[in-house]
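A.B. asks: Submitted below is the structure of interest, expressed as structure tokens.
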Amino acid sequence: MTVPQVEDEQEHLSALTVVDDSNSADVPNLKGDWHNIFILLVLYTMQGIAGFGFYKGVMILMQTNKHITYKVQALFSIVTWPYNLKMIWAPLVDAFCVQKMGRRKSWLIPIQYLIGGCFIYIGNNINEWLPETEKPDVLKLFYAFLFLQILVATQDIVVDSWALTMLKKNNVVYASTCNAVGAPLGIMMGSFFLVLFTSENFCNTYLRFAPVTGGIVTKEYLFYCLAVLLTLITTLILIFKKEKEYRSEDNYIKLNVIQNYLLIWDILKKPSFRVLMLALLTEEIGFATTVPNLLILKLIETGMPKDNIMVISSSTYIVNIITPIIISKYTSGPKPMSLFLKVTPFRLIVNIMFVIFLYHTTKFLATYGNTGFPIYYYAVLALIFIINNVLGMTMKVSKFSLFNRISDPRFGGTYMALLCTFYYLGTFSSTSLAISMIDILTFKECPLNYNNNCSTSNQNNTCKTNGSSCVVTVNGYYVESALCILFGIGWYYIFRGILKKLQVKSPSHWMVNVKNNKMKKNKTAEHTMVENS
């Protein structure tokens, strides 16, 4: 081999560690990618159903039974934590695959079959674990849904990373739109079907001409049907969707398991990434008390009928589906976080509106009792839900557009999982903490004995035995809401300028400069050949 040939080969090998930015500013064009967009929408929709859709439905059904406290709800909310911890096994998804099946299909196909099996298992036991009137078996629900969420979180790793190579380079930003459209659609379907289609009262009121016992479907039948649907979708993808040969991907580098885990440290060493990580971990604290799940629980607690709340909540999810499509042209450019920063103050204002609405709902019930809320009350609630959903979805699409723009496609599973881990960790830890802190910050007393602060079940029973009942003197929800809103205002003024600077950095700024052992050996051999020649 001549010296020029060796130099050319060296340049080729060096190019493997440098990402070309030449296409980063190309105008998106979905021609030839529409079928991939459809596949991603289907996958994210099933992810929404299996993940937060059923989780949200179970939380609402447990709250309706009136047999559990917010501490129990906080315990059950831990089932969402696999999204926070998926970074632990994301490098395995990048490192192992069956070459003939495809780098991402090797994981996607068995994972989705396992999710279908979980649906069948949960369906067999759901009536025992979650009876209509008796106390639910929270621990069994917790373990079953925790395992299901681990599978769904793994599916999320696979789909997020596959999207980076399934779509053309100039269309990768639309992966966040697919996520933002598909996931809310799945959440709406999962919670709507589980809560309303199994509700006798809702079905007799809105879906039947004559009253009949039970909903139009049972909970177990619903899980069985979705297991069949997911199995069918998975089989079709297995047979008909061809995955690009992963070794032909741009700048492909083969790393072993240890190198994939060390890659996490290489990413975390980047100063810009650490700043972004801190922003993601703290951003949702300002909105922790007005996330839809917690607000729905509070509304049910005040006495508002769960069926009416679910109709309003589920119908406003349509806004979540439409919003990403409308704003995609504003988030697909080089500054996806600009829109995020513009809407953040308005979402903080909506937080205040939520708290005021909940306060007046409590006063309304205290004055008129549970005699039925007027139509305008539900109209105001729907309006607030819609505004909050539009602002929240806008912020989410902006963040995920940034994730897709800066992620290194060579290590898509690990990089996207790391970004999403900090995003979900900030979101879910804030929500779980907010739910658990309500009881802690709430103070009660017994009117007949002011020394009895009703802090334990025995003290509550003592107050009832004496012919009275504990009353709330300080509502922890309002205290917590005020603290969160103040934190959100401070967060905005601290990170506003920082995020503006981070979003304009080129994609190459975020890439990882890594060389595997095979490349090093090749370069050593080539240097030896150059010296000998």
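The values are calculated or read from the model by the stated rules, or taken from the named source; none is laboratory data. Note that this is a predicted model, so its numbers are computed, not measured. Here Cβ is always computed from backbone atoms with ideal geometry, including for glycine, and neighbour counts include all displayed protein chains. Accessible surface is based on the protein model in full, side chains and every heavy atom, while ligands, DNA and RNA are left aside. Shrake-Rupley method; radii C 1.70, N 1.55, O 1.52, S 1.80 Å.
A.B. asks: Quick one: what pairs do we get from segment 300-321, first residue touching a residue at least 40 places away in the same chain (Cβ under 8 Å), second part of a helix (DSSP H, G or I) and polar (S, T, N, Q), C-beta under 6 Å, 6+ apart or different chains?
C.D. replies: Close Cβ pairs (under 6 Å, with a partner that is part of a helix (DSSP H, G or I) and polar (S, T, N, Q)) amount to Ile300/Gln63; Thr302/Thr361; Thr302/Thr362; Lys306/Thr64; Asp307/Asn201; Thr316/Asn389; Val319/Asn389; Asn320/Asn389.
A.B. asks: Let me ask something else about it. Quick check: anything in segment 429-440 buried (at least 18 other Cβ atoms within 10 Å of the Cβ), among the acidic types (Asp, Glu) and either in contact with a helix residue (DSSP H, G or I) (Cβ under 8 Å, 6 or more places away or on another chain) or more than 30 Å from Phe403 (Cα to Cα) (or both)?
C.D. replies: Checked segment 429-440: no residue is buried (at least 18 other Cβ atoms within 10 Å of the Cβ), among the acidic types (Asp, Glu) and either in contact with a helix residue (DSSP H, G or I) (Cβ under 8 Å, 6 or more places away or on another chain) or more than 30 Å from Phe403 (Cα to Cα) (or both).
A.B. asks: Here's something else I'd like to know. For Ile440, indicate whether it is modelled with pLDDT of 90 or more, of a type in the set (A, V, I, L, M) and over 25 Å from Trp162 (Cα atoms).
C.D. replies: No; evaluated as a whole, the condition is false for this residue.
A.B. asks: Additional query: Tell me, yes or no, whether segment 145-154 has at least one residue that is open to solvent by less than 20 Å² (accessible area, probe 1.4 Å), touching a residue at least 60 places away in the same chain (Cβ under 8 Å), in a helix (DSSP H, G or I) and among the polar types (S, T, N, Q).
C.D. replies: yes
A.B. asks: Would you call His67 touching a Lys or Arg at 6+ places or on another chain (Cβ under 7 Å), at pLDDT below 90 and open to solvent by 50 Å² or more (accessible area, probe 1.4 Å)?
C.D. replies: Yes.
A.B. asks: Let me ask you something else. Could you tell me whether Ser398 is farther than 30 Å from Cys97 by Cβ, open to solvent by 10 Å² or more (accessible area, probe 1.4 Å) and either modelled with pLDDT of 80 or more or polar (S, T, N, Q) (or both)?
C.D. replies: no
A.B. asks: Related question: Taking segment 88-132 as the search range and keeping residues that are farther than 27 Å from Cys420 by Cα and at pLDDT below 85, which one is surrounded by the most Cβ atoms within 10 Å (Cβ to Cβ)?
C.D. replies: So the residue we want is Glu132.
A.B. asks: Taking Phe202 as the residue in question, decide whether it is of a type in the set (A, V, I, L, M, F, W, C) and assigned to a loop (DSSP other than H, G, I, E, B).
C.D. replies: For Phe202, the condition - of a type in the set (A, V, I, L, M, F, W, C) and assigned to a loop (DSSP other than H, G, I, E, B) - is not met.
A.B. asks: Mind listing whichever residues of segment 448-468 are open to solvent by less than 60 Å² (accessible area, probe 1.4 Å) and in contact with a helix residue (DSSP H, G or I) (Cβ under 9 Å, 6 or more places away or on another chain)?
C.D. replies: Correct list: Asn452, Cys454.
A.B. asks: Continuing with the same structure: Among what's in segment 133-144 and is part of a helix (DSSP H, G or I) and touching a residue at least 60 places away in the same chain (Cβ under 8 Å), pick the residue that is surrounded by the most Cβ atoms within 10 Å (Cβ to Cβ).
C.D. replies: For segment 133-144, the residue satisfying everything is Leu141.
A.B. asks: For Phe54, indicate whether it is aromatic (Phe, Trp, Tyr), in a helix (DSSP H, G or I), open to solvent by 10 Å² or more (accessible area, probe 1.4 Å) and closer than 18 Å to Gly186 by Cα.
C.D. replies: Details: aromatic (Phe, Trp, Tyr): yes; in a helix (DSSP H, G or I): yes; open to solvent by 10 Å² or more (accessible area, probe 1.4 Å): no; closer than 18 Å to Gly186 by Cα: yes.
No; evaluated as a whole, the condition is false for this residue.
A.B. asks: Looking for whichever is within 25 Å of Glu134 (Cα to Cα) and not in a helix (DSSP H, G or I) here; the options are Ile78, Ile60, Ile68. Which one fits?
C.D. replies: Among Ile78, Ile60, Ile68, only Ile68 is within 25 Å of Glu134 (Cα to Cα) and not in a helix (DSSP H, G or I).
A.B. asks: A further question follows. Looking only at segment 370-397, filter to residues that are touching a residue at least 24 places away in the same chain (Cβ under 8 Å) and among the β-branched types (Val, Ile, Thr); which one of those is nearest to Pro336 (Cα to Cα)?
C.D. replies: Taking segment 370-397 and keeping what is touching a residue at least 24 places away in the same chain (Cβ under 8 Å), we get 370, 373, 378, 381-382, 384-397.
Imposing the further condition that a residue be among the β-branched types (Val, Ile, Thr) reduces the set to 384, 386-387, 390, 394, 397.
Details: Ile384: 25, Ile386: 22, Ile387: 20, Val390: 16, Thr394: 10, Val397: 9 Å.
Once the filter is applied, the top-ranked residue is Val397.
A.B. asks: Moving on to the next point. Could you look through segment 287-305, keep only residues that are modelled with pLDDT of 80 or more and among the polar types (S, T, N, Q), and pick out the one that is surrounded by the fewest Cβ atoms within 10 Å (Cβ to Cβ)?
C.D. replies: The extreme case among them is Thr290.
A.B. asks: Yes or no: Gly214 open to solvent by less than 30 Å² (accessible area, probe 1.4 Å), on the phi > 0 side of the Ramachandran plot and modelled with pLDDT of 85 or more?
C.D. replies: Judged against the criteria, Gly214 is a match.
Conditions (1) under 30 Å from Leu381 (Cβ atoms); (2) within 25 Å of the chain's Cα centre (by Cα); (3) open to solvent by 20 Å² or more (accessible area, probe 1.4 Å); (4) modelled with pLDDT under 80, marked per residue:
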{"site": "Phe240", "(1), (2), (3), (4)": "no, no, yes, no"}
{"site": "Tyr246", "(1), (2), (3), (4)": "no, no, yes, yes"}
{"site": "Asn251", "(1), (2), (3), (4)": "no, no, yes, yes"}
{"site": "Asn256", "(1), (2), (3), (4)": "no, no, yes, yes"}
{"site": "Tyr261", "(1), (2), (3), (4)": "no, yes, yes, no"}
{"site": "Pro271", "(1), (2), (3), (4)": "no, no, yes, no"}
{"site": "Leu276", "(1), (2), (3), (4)": "no, yes, no, no"}
{"site": "Glu283", "(1), (2), (3), (4)": "yes, yes, no, no"}
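A.B. asks: Continuing with the same structure: Within segment 331-339, does at least one residue satisfy the condition of being modelled with pLDDT under 80, under 23 Å from Arg496 (Cα atoms), over 19 Å from the mean Cα position of the chain (by Cα) and surrounded by fewer than 21 Cβ atoms within 10 Å (Cβ to Cβ)?
C.D. replies: yes
A.B. asks: Please go through segment 410-425 and pick out each residue that is touching a Ser or Thr at 6+ places or on another chain (Cβ under 6 Å) and either under 30 Å from Ala74 (Cβ atoms) or open to solvent by 10 Å² or more (accessible area, probe 1.4 Å) (or both).
C.D. replies: Met416, the sole residue that qualifies.
A.B. asks: Another question, if that's okay. Pairs needed: first member in segment 430-442, more than 20 Å from Thr456 (Cβ to Cβ); second member anywhere, assigned to a helix (DSSP H, G or I) and open to solvent by 30 Å² or more (accessible area, probe 1.4 Å); C-beta distance under 6 Å; at least 6 residues apart or different chains.
C.D. replies: Final answer for the pair search is Ser430/Ile285.
A.B. asks: May I pose another question? Pull up segment 306-330, narrow it to residues that are hydrophobic (A, V, I, L, M, F, W, C) and open to solvent by less than 10 Å² (accessible area, probe 1.4 Å), then point me to the one that is farthest from the chain's Cα centre (by Cα).
C.D. replies: Restricting attention to segment 306-330, the residues satisfying the condition of being hydrophobic (A, V, I, L, M, F, W, C) are 309-312, 318-319, 321-322, 325-327.
Narrowing the set further to residues that are open to solvent by less than 10 Å² (accessible area, probe 1.4 Å) leaves 309-310.
On the way: Ile309: 22, Met310: 19 Å.
If we take residues in segment 306-330 being hydrophobic (A, V, I, L, M, F, W, C) and open to solvent by less than 10 Å² (accessible area, probe 1.4 Å), then Ile309 is farthest from the chain's Cα centre (by Cα).
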